[in-house]
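For reference, the structure is listed below as structure tokens.
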Amino acid sequence: MINPVFMIAIPLILAFLSLVAARIKKWLLLSGVLINIAILFFLEKGETVIGGFKPPFGINLILDNYSMVGLALAGLLLLAGVVLSLDKADKYSTVLLTALAGINGMLLTGDLFNLFIFMEITIISAYILSTAGKKPEYSFNYLVIGSIGSVFYLAGLVVFYSLTGTLNMADLAAQNLSMGTPELLVPLFLIFTAFAIEAKLIPFGGWVKGVYGNSNRLTGALFASVYASTVLFVFGRVFNEVFALSGAVQTIIVLIGVVTFAFGEAAAFRQVKMRRILLYSSIGQSGLAAALFALGLIFPAVLLVISNAVSKFIMFSITGKLREIYKTDDYTDLKGVFFSNKLTGIAFSISAMSLIGLPLFFGFYAKLNALTALFNGGNWFIPAVILLFAIVEGAYFIRLLIALWAPGKEGEIADKSHAVGEIRIFNIKKSILVFILSLVILAAGLIPDLAGKLISSDSGFMGGDGPAFTMSQLKGGE
Amino acid sequence: MMELFNILEVGISVLLIFFALAAVLSKKLLTGIVFLSVLSMAAVAAFALLSAPDVAVTEAVIGSGLVTFIFVASIRGLRKAGDGS
Amino acid sequence: MKKVFTAALVILFGVVLLFGLSKSIDIAGYGDGLIPGKAADAYINKNVTSGTGEIIFGETKNAETGSANMVTSVIANYRSFDTLGEVTVLFLAAVGVSLIMGKNSKEGKMKKSGFILRTSAGIIFPVMLITGIYIFTHGHLTPGGGFPGGSMIASSFLLLYLADENFKLKITGFKVAEGLAGTLYVMVGAVGLIIGGYFLINFLPTGVVGDLFSAGIIPVIYVLIGLKVGSEITGIVRDMHKEEVSV
Amino acid sequence: MNLTIILAVTVVLAVVSFFITRLNKKAGGFLTVIASLFAFVGLFLLKGSIGGEFSIFYFSFKITMVGWYFALIMVLAYSMTSFFNPFWMDKMMYPGSYNFMYLLSMAGTIGMFFAKDFITLFIFWETVVWSSTFIIQLGKSRKASYVYYVVSAIGSMATLFAIMMAYSVSGTFVISEAFAGLSGGAAIAVFFTFILSGLAKIGIFPFHVWLPAAHGNAPHTFSPVLSGGLVKMGAFIAFLSVTAFPAYEIFSGMFKVMGTPFPIYFLMALGAISIIVGTLMAIKQEDAKKLLAYSSVANGGYILIGILMLDQVGFAGGMMHLVNHAVASAAAFLAIAAVAYRTGTTKMSEMGGMIHRMPVTYIVYLVAIISMAGIPPMGGFVSKWLIFQGLADKGMLFLAAAAFFGSIGSFMYVFRPLSAVFLGQTFTRDLKKKEVGFFMMLPMLILTALSILAGVFPNTILRVITEIQASVGISPVTLAENTIVTVNGYLDAFRVFIVFGFGFTIAFVIFIVRRKSKKVELMDTYTSAEFIHTRELLHYSSKFYAPFERLYDKAPDTMKLYKKIAVKIGELGNLTESLFYGHKPEKTVFWVMITGIFVVIIGGVV
Amino acid sequence: MIRLASLLLILIGLYGIFSSRNVIKILIGVNVMELGVNIFIISVGFFKGGIAPILTADSFSSAMKFVDPLAQAMVLTSIVIGLGITALGLVFARKIHAQYDTYDLGAIGGGKDD
């Protein structure tokens, strides 16, 4: 069994070394992400104490089921991203390795200040990656907003520290502070702001459009999948295990999440640029996941995060590559582009349909779980909003798919002569990689119970409940 | 002892706020940076007052030294472009 | 009009926020003391793993951490993991700066500096260097430590760099120092894991509180931090000092 | 026969056909014929195992009479249409995907009708929706496919909401038990949201917009399935919303119109409006397929009214109209497809006199429209008669008037393509065109025969319907030997057939005997030195009912409503974009402060 | 008193970011905020009469009243992170200047996506 601290230590060493041995940094990066996945299977679960100082005094890492899922998701998608865009990743090898350490640290740590540091590492790596878009004003905007978030986080954290004298998550949770009371509202809001900024919640995520909208196939894919899912995973832990929300605060956060979902989907609806469509859809999904987390519906939220991360990874990768080839990501200029790229096209379509929540794909299971859990909690308003804007979401994604698949004038049958170009989007190996990733969505959608079990692995998350809905309950009636 | 502390406390608070406002409100960039540096020195005083010598030393070296330096290094040679205000 | 509006909004936000915050903590005064039994209290009494009773300067031997400077004991021992992350942040920033400034820029052109500056730099440089080294090697005894020490080293090199146009900073040298220091930091942690069973454990014996060699791995870590921070900051400043070539 | 085998074979063949099509297009097309015929025969044999419950995978199924009835109609439409597939493969952009989606959507419909629980139903339903969306895009309009998806999504999301809401009360998804325990406002909400997907699929006003778009522009080989088959999925939902959701019981305490609880009457009124709208719009159309699409809207209204009545006579009429309309509209669409196969167009003004070139297709079309218009001796007459009887019975005057109007109107619109496409003079261009081959003719002839048989021996179908009626606990329609007995009278379909057959024979003899009329070239028009720019305007079928159309020229377009909503959503999106996003940090700082003030105030601190 | 000043510093920094479109000034605002929060943290760890947390010949025993060393350690970390962020921000600022020849975000005017 391997100590989870190596999830952080190994990428860090490799990152430091990549500075010394700049020539092989590409290979260091590759080996880093590969080792990261490899040791994932041998990690010992439970609590790891750093430096021999027992918590709550020292720093500890917590590897439970929840962090395991987060680590696996982020690690696998990072690996896929690096493999898929190794040419682009080369330049950012050191940054990506450091980011891997930061992401793993964020997911593992059991200490709120340590979380702050790993969050800074992760975010700073995101600032640096965002410069790949060659729009420094957006990177700058991101940096400033992110710094405000950091300052707010520290301020909020210190208030809690002064009240409890501890920075340890479990210890803080054990204090049983009642989070619904006005006494803790402001520090809680400060901490929430920091997460809301990173989790792209409206109105905090003002940086998203510029950064995502100018991403390339590496950074876009990583931002929307690895970074987004990590932040949401941590959001879920912090606002369930550490600051168990209740009362007015909970209502406000849920409201912000739902508004984000609705506004994000509405904003995506009118876009013609694919990256914009995807980025607003990411915002929407983030809002929904945040709302579910805030309501304590961890399992559906995790499903949603996973399904969204994998889908967005595939779609951003393809979109980024399309933009490289055709110098545009306006889908009205890319009509029928999948005609000569069927494998890639199918991968894209499966991802999109999973995002919409169409059956036979993983997203449907996630959506169904969310709805069941919400209704079980006696909540019908949020499901109504979800379903209403699922129509909008379906509308723009289906419109996108139709355009990318079937070219042709109105009034004439779809014809390949109207298709734009016959350039291969990905070479055959990469197409197969992307396709296999999409098959994961399909397979997980076809056998959702197994996938759900794999994710929640019997014990569920943070002592909470597992799936609110399983397909097997159909057979037995209950 | 206690009274001295109170006087210093008020004095430093006033200085902090004054220099912060000066740094943020100054029209010229260089003035702003200089005020930021001075503000940092005031913060060093505050840290020293609040029994934090480690932080004070660090802030003195990093906050008022290095940060000021990289600020100035950044805008050096660009002031001629007339972005001063 | 716009200024009034912005100021009014910030003031409104401030009033509301401070009012709300005043319900959580006293926003004007100070606390009454440390919460007994909690982290800070344990760090002061050095009784996180086992209680050794009162720690007396110059007397107590073999405490769990031998640093007389408690902040240092927190930074380099109790929460050394945080510090590792912090060094990484700076490392990342340095990498980012050089990545972004990398292209389309050249070394800043210096005016030939005067004789006095060059001479004085030659005198000040060793003084600053030694001060810096002193600061981080004595970080467990006196205020300061790796960060100011490292910065001091960086400043000394910068001084030389500014004063002497013939002095070219060997980038690779600094990068090697930066990378190796970081790697060694993690290695020290890993060695701790092998020897003591915990990552970053203080596996060297601690001496009498207050002695130079009393803090176990703390000086080792602080030296590494000092070197790393020093080379990182030097790198940052050097990169910042480049001039943009208009595109 | 076993449902598992049917579903498995269909799905496997769907995948196989995808790959076979890549090797040989025609072979892939023939495979769809084999697969759908197999499914049809298999389903037919399934009747023996009605009542059986089992599960495949995690899906649970229950073979019910009504499910069997619906599935058979559906697969009939699929299998008959599939005969056309091999001949259209060259025109498809994605023949492999077409065949795959074709069979996948068929499997979806089968699974949906036999679902025991709502999740199974929903999964299969949505599968049909997305797979057919991808088929429709291959046709003449991308927009049509989009409209189809959006309207379907409105329906299915609403239905999912209803399912979930019902589940939160009853704790089960099983169709027969899921709605237990609902009452009051929740019951009304569930009822209306649940039936929404049905309304959307049948094409009830105001959800009818997708029919002309999708039917009119889908590939010619899919329009018959859409109109003859997929629309009937909506009828199934309507059926469930009065049986599984016992609307009459739950709403029994509510305000009633003509003995019918208001929510149900409201939906029936929507059905009546669809009849009127569908009829009026059909009269206007220039495109034969769009015309038939609007006629499907009108016929959907009949079906909805019939099923919602849930009584002895009207319900039987509604259920029977399912078959009659499926058969007739599939045949009509196939006939148009056959013509389009030869001429390459569906615009009525570009055709004429096809009766000389394609006489069999003409007969097929003639029988189909007679049935659709509800004229004896075809099946459509019997079902419409039953619906009339049911409405008259309850004294629902408005609905009856609408239904009557629809019947009269249908004379007008069905005659138009008949005369424009088939009668008159043949275009010179089309003079060399031949009748379609036997393989394509076969399904059309089968459908025609079924249409006539349904009119002559309606009791064969009605006997199945009586079993359905018995299974949902209403008194079955009274059937005697060859006659249908109602309170107001009886109908002997065979006798009607004899009478009409006799009249038809006399007319035919006169037609043969009398002198041949003189033939004039269709566009052979003399003008006084004017140059004719738009020749097709001179085609006698253009502006066929111009004086009548002028009466409702200004009628609002429902599509505009949807566009307005889309614009509103876009505006919300615009607002979001401009309010929150940009490159200046001040925007976010502003919102952080505003939210902070808001949160602190709402949170009860101030 | 200093605690209140530090909170005000955060607000002043926020005002600096909010009211200015000059990237350097925005960064100055960010720095003021960071300073504010640093002082705030120290002030939280401080109590009246507390002595600096270093054992020396004068303050020789752990039983004496030391102020919170943890808060100070956090601030040390925060200062260094602040330096990193400032450096990166300045590099972005320079990139903006190189690309648009101005420090004024208002003059960039939306910055169309490529």
Which listed residue, of B:34, B:44, B:14, is within 21 Å of residue C:152 (Cβ to Cβ) and more than 7 Å from chain E (Cβ to nearest Cβ): B:44
Every pair of residues 6+ apart whose Cβ atoms lie under 9 Å, when the first sits in segment A:92-117 and is facing chain C (nearest Cβ under 8 Å) while the second is in a helix (DSSP H, G or I) and among the basic types (Lys, Arg): A:94/A:25
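Does residue A:230 count as assigned to a helix (DSSP H, G or I) and closer than 25 Å to residue D:599 by Cα? First the steps, then the outcome.
Numbers: assigned to a helix (DSSP H, G or I): yes; closer than 25 Å to residue D:599 by Cα: no.
Taking the combined requirement at face value, the residue does not satisfy it.
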Qualifying residue in segment A:279-286 (condition: away from chain D (no Cβ under 13 Å) and either in contact with a strand residue (DSSP E or B) (Cβ under 9 Å, 6 or more places away or on another chain) or of a type outside the set (S, T, N, Q) (or both)): no
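Restricting to segment A:341-364, and then to whatever is more than 8 Å from chain D (Cβ to nearest Cβ) and without any contact (Cβ under 8 Å) to a residue 40 or more places away in the chain, can you tell me which residue is surrounded by the most Cβ atoms within 10 Å (Cβ to Cβ)? Spell out the reasoning first.
Within segment A:341-364, the first condition is being more than 8 Å from chain D (Cβ to nearest Cβ), and the residues that meet it are A:341-352, A:354-357, A:361-363.
Subsequent filtering for residues that are without any contact (Cβ under 8 Å) to a residue 40 or more places away in the chain retains A:342, A:357.
Working: A:342: 16, A:357: 26.
Here the answer is A:357.
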Residue in segment A:187-206 that is over 27 Å from residue C:81 (Cβ atoms), in contact with a helix residue (DSSP H, G or I) (Cβ under 9 Å, 6 or more places away or on another chain), more than 7 Å from every other protein chain (Cβ to nearest Cβ) and of a type in the set (Gly, Ala, Ser) present: yes
Residue match in segment A:365-379 (condition: assigned to a helix (DSSP H, G or I), among the aromatic types (Phe, Trp, Tyr) and at the interface with another protein chain (Cβ under 7 Å from one of its Cβ atoms)): yes
Number of the condition not met by residue C:28 [criteria: (1) more than 7 Å from every other protein chain (Cβ to nearest Cβ); (2) in contact with a Leu (Cβ under 8 Å, 6 or more places away or on another chain); (3) of a type outside the set (Phe, Trp, Tyr)]: (1)
Flag for residue D:81 being surrounded by 24 or more Cβ atoms within 10 Å (Cβ to Cβ), closer than 19 Å to residue A:336 by Cβ and at pLDDT below 95: no
Considering residues of segment D:562-581 that are within 30 Å of residue A:250 (Cβ to Cβ) and surrounded by 15 or more Cβ atoms within 10 Å (Cβ to Cβ) only, the residue farthest from the other protein chains (Cβ to nearest Cβ): D:579
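Pick from A:222, A:143: which is within 14 Å of chain C (Cβ to nearest Cβ) and aliphatic (A, V, I, L, M)?
On the way: A:222 fails: within 14 Å of chain C (Cβ to nearest Cβ).
Result: A:143 is the single residue among A:222, A:143 that is within 14 Å of chain C (Cβ to nearest Cβ) and aliphatic (A, V, I, L, M).
Can you list the helices (runs of 4 or more DSSP H) found entirely within segment C:1-109 that contain at least 3 residues being free of Cβ contacts under 8 Å to residues at least 12 places away in the same chain and farther than 23 Å from residue C:229 by Cβ? Full working, then the answer.
Working: elements: C:2-24, C:39-45, C:70-73, C:80-102.
Here the list reads C:2-24, C:39-45.
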Residue B:64 being farther than 19 Å from residue E:44 by Cα, in a helix (DSSP H, G or I), modelled with pLDDT under 85 and among the small types (Gly, Ala, Ser): yes
Residue E:102, sole failed condition from (1) in a loop (DSSP other than H, G, I, E, B); (2) facing chain C (nearest Cβ under 10 Å): (2)
Entirely in segment D:374-480, the helices (runs of 4 or more DSSP H) that have 3 or more residues that are touching a His at 6+ places or on another chain (Cβ under 9 Å) and buried (at least 22 other Cβ atoms within 10 Å of the Cβ): D:379-394
Residue check for residue D:320: part of a helix (DSSP H, G or I), buried (at least 22 other Cβ atoms within 10 Å of the Cβ), of a type in the set (A, V, I, L, M, F, W, C) and at pLDDT below 90: no
Those residues of segment A:389-413 which are touching an Asp or Glu at 6+ places or on another chain (Cβ under 9 Å), more than 7 Å from chain D (Cβ to nearest Cβ) and in a helix (DSSP H, G or I), in sequence order: A:389, A:393, A:396
In segment E:62-78, the residues that are in a helix (DSSP H, G or I) and either touching a strand residue (DSSP E or B) at 6+ places or on another chain (Cβ under 7 Å) or facing chain C (nearest Cβ under 7 Å) (or both): E:69, E:70, E:72, E:73, E:76, E:77
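Quick one: which residue in C:95, C:89 is on the phi < 0 side of the Ramachandran plot, touching a Ser or Thr at 6+ places or on another chain (Cβ under 8 Å), within 7 Å of chain A (Cβ to nearest Cβ) and aliphatic (A, V, I, L, M)?
Values: C:89 fails: touching a Ser or Thr at 6+ places or on another chain (Cβ under 8 Å).
That would be C:95, the only listed residue that is on the phi < 0 side of the Ramachandran plot, touching a Ser or Thr at 6+ places or on another chain (Cβ under 8 Å), within 7 Å of chain A (Cβ to nearest Cβ) and aliphatic (A, V, I, L, M).
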Evaluation of residue A:63 against (1) out of contact with any Gly (no Cβ under 6 Å at 6 or more places or on another chain); (2) surrounded by 24 or more Cβ atoms within 10 Å (Cβ to Cβ); (3) closer than 30 Å to residue C:43 by Cα; (4) touching a residue at least 24 places away in the same chain (Cβ under 8 Å) (one fails), failing number: (2)
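Residue by residue, here is whether (1) of a type in the set (S, T, N, Q); (2) under 19 Å from residue D:292 (Cβ atoms) holds:
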residue: D:152; (1), (2): yes, no
residue: D:162; (1), (2): no, no
residue: D:165; (1), (2): no, no
residue: D:174; (1), (2): no, no
residue: D:187; (1), (2): no, no
residue: D:196; (1), (2): no, no
residue: D:201; (1), (2): no, yes
Selection from segment B:17-31 of residues that are out of contact with any Ser or Thr (no Cβ under 9 Å at 6 or more places or on another chain) and more than 9 Å from every other protein chain (Cβ to nearest Cβ): B:18, B:30, B:31
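One line per residue, one yes/no per condition, for (1) more than 30 Å from residue C:240 (Cβ to Cβ); (2) within 11 Å of chain C (Cβ to nearest Cβ):
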| site | (1), (2) |
| --- | --- |
| E:19 | no, yes |
| E:41 | no, no |
| E:60 | yes, yes |
| E:80 | no, yes |
| E:87 | no, yes |
| E:91 | no, yes |
Per-region count, segment A:441-456, residues surrounded by fewer than 18 Cβ atoms within 10 Å (Cβ to Cβ) and either at pLDDT below 85 or under 18 Å from the mean Cα position of the chain (by Cα) (or both): 4
Breaking point among (1) among the β-branched types (Val, Ile, Thr); (2) farther than 23 Å from residue A:289 by Cα; (3) modelled with pLDDT of 95 or more, for residue A:122: (2)
Considering residues of segment D:151-190 that are at the interface with another protein chain (Cβ under 7 Å from one of its Cβ atoms) and of a type in the set (Val, Ile, Thr) only, the residue nearest to residue D:215 (Cα to Cα): D:154
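The values are calculated or read from the model by the stated rules, or taken from the named source; none is laboratory data. No experiment lies behind these values; they were computed from the predicted model shown. We place every Cβ from the backbone using ideal geometry, glycine too, and count neighbours over all the protein chains shown.
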